[in-house]
1. For the stretch 240-255, which positions are closer than 12 Å to Lys269 by Cβ and either open to solvent by 30 Å² or more (accessible area, probe 1.4 Å) or of a type in the set (S, T, N, Q) (or both)?
2. Cβ-Cβ distance below 7 Å, separation of 6 or more or different chains: which pairs start in the stretch 1-16 with a residue that is of a type in the set (Gly, Ala, Ser) and end on one that is in a strand (DSSP E or B) and modelled with pLDDT of 95 or more?
3. If you go through the stretch 1-21, how many residues are in contact with a strand residue (DSSP E or B) (Cβ under 7 Å, 6 or more places away or on another chain), among the small types (Gly, Ala, Ser) and closer than 25 Å to Ser59 by Cβ?
4. Just a yes or no: is a residue in the stretch 333-354 within 22 Å of Val27 (Cβ to Cβ) and more than 16 Å from the ligand (Cβ to nearest atom)?
5. Condition check: open to solvent by 70 Å² or more (accessible area, probe 1.4 Å) and among the charged types (D, E, K, R). Does Glu360 satisfy that?
6. Look at Phe339 and say whether it is open to solvent by less than 30 Å² (accessible area, probe 1.4 Å), in a loop (DSSP other than H, G, I, E, B) and not basic (Lys, Arg).
7. Quick check on this structure: which one of Ile29, Ile65, Ile37 is open to solvent by less than 10 Å² (accessible area, probe 1.4 Å) and either closer than 22 Å to Asn129 by Cα or outside any strand (DSSP E or B) (or both)?
Amino acid sequence: MYNKPRAITIGGVGNVQKIDIGGDSPVTIQTMWKEGIADVKDNSGALNSVIADIDKLHSLGCDIIRFAVPDMDSAKSLCLIASNTSVPLVADIHFDYKLALECLKGPVAAIRINPGNIGSREKVEAVVNGCKEKNVAIRIGVNTGSLPQDLEEWVEQGSITRAKALAETARREASVFDSLDFKNVVVSMKASSVQETIEANEAFAKESDIPLHIGVTEAGPLITGVVKSTLAFSTLLNEGIGSTIRVSLSSTPENEVIAGRAILHECGKRNEGVTIVSCPRCGRVGFDVHGFINRWQETLLAMKKNITVAVMGCVVNGPGEGKHADIGIAGSGTKVVIFKKGKIVRTIDPKDTDNVFKEELESL
Ligand code: SF4
């Protein structure tokens, strides 16, 4: 019913990791950089700090990071950043094709640009030729806030749904690249409504094999955004739609990556890495579950081990409920216990929690 997405690759230029998108490849996780980069210069503390943050996002499971490139300084900075990391980076460009050409001077993995907003065919062709030469992918990104005039009118007259208009907008943009025989394309169609996001992606996937980047735009703060994204993604992913995802949140990129990872895990699309199970806490709690999770979540998720870690408030249910966990921790009266596969292996003083847990974790 829906087309299997064609396989494309991004990255692989210079030091940059090559990633397969579409085909039978795993669904990839993306986030977007949330700050301006125009002031990031060579040999600056700002560059080191950006690279350190990219590394952290990568260790949490982020495969691809997109950067807004609103001006020439940002384009130059992105080239510099891309030359200093192996993580594939995407340049997000509106209107000015010269920014795309500037970004192509560095090892960027993909350019997000819409033919509809760069103007003449010559400009689109210049970008396409540059991308062909360096094997750089192009991502088309359309959203319900910027439909072409004729489609917007049809929507207002009720002759087409907004979701269908979104898919038609993407189809028109993609046809420009098709006519230039450029196949290394990903499409994203975003609405802030879950239903419209689902309908638009379904409509497009019925007609085209272009890999889809799925996301709900302006999804809101952490909890609302995760709920909306989960609803949209679980429907689409279970239908085989969606080769790469971004959970858009009014929150940190780290939370976007962690949320994306959890959604893919629960949809059965990615299973590697650490799975954390933890109890909500109740009146029986003998251990600061929430504090422990806050301290350890990112460290655990950055580990390259395929293990389950249980964090439980008490021994009433802790080791039992966590018996499938490779390692777990729970409160026990005035003590803390560490268990492996449901068997208690250490009973310790709460002040030694982090040190002993680290030791036991490393021994796995
Ligand atoms: S593990 Fe213990 S503290 Fe946590 S919810 Fe269950 S009974 Fe309550």
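1. Across the stretch 240-255, the qualifying residues are Gly240, Ser243, Thr244.
2. From residues that are of a type in the set (Gly, Ala, Ser), the pairs are Ala7/Asp20; Gly11/Ile19.
3. 1
4. No, because not a single residue in the stretch 333-354 is within 22 Å of Val27 (Cβ to Cβ) and more than 16 Å from the ligand (Cβ to nearest atom).
5. No: the conditions fail for Glu360.
6. Numbers: open to solvent by less than 30 Å² (accessible area, probe 1.4 Å): yes; in a loop (DSSP other than H, G, I, E, B): no; not basic (Lys, Arg): yes.
No, not satisfied.
7. One residue alone meets the criteria, Ile37.
A quick yes/no check of all residues on (1) modelled with pLDDT of 95 or more; (2) out of contact with any strand residue (DSSP E or B) (no Cβ under 7 Å at 6 or more places or on another chain); (3) closer than 21 Å to Asp349 by Cβ; (4) surrounded by fewer than 17 Cβ atoms within 10 Å (Cβ to Cβ):
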position: Glu272; (1), (2), (3), (4): no, yes, no, yes
position: Val277; (1), (2), (3), (4): no, no, no, yes
position: Pro280; (1), (2), (3), (4): no, yes, no, yes
position: Gly283; (1), (2), (3), (4): no, yes, no, yes
position: Phe287; (1), (2), (3), (4): no, no, yes, no
position: Ile293; (1), (2), (3), (4): yes, no, yes, yes
position: Trp296; (1), (2), (3), (4): yes, yes, yes, no
position: Leu300; (1), (2), (3), (4): yes, no, no, no
position: Lys304; (1), (2), (3), (4): no, yes, no, yes
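The values are calculated or read from the model by the stated rules, or taken from the named source; none is laboratory data. Only a predicted model underlies this, so the values are computations on that prediction, with no experimental measurement involved. Using ideal geometry, Cβ is built from the backbone for each residue, glycine included, and neighbour counts are taken over all protein chains shown. Surface accessibility is based on the protein's heavy atoms, side chains included, excluding ligands, DNA and RNA. Shrake-Rupley method; radii C 1.70, N 1.55, O 1.52, S 1.80 Å.
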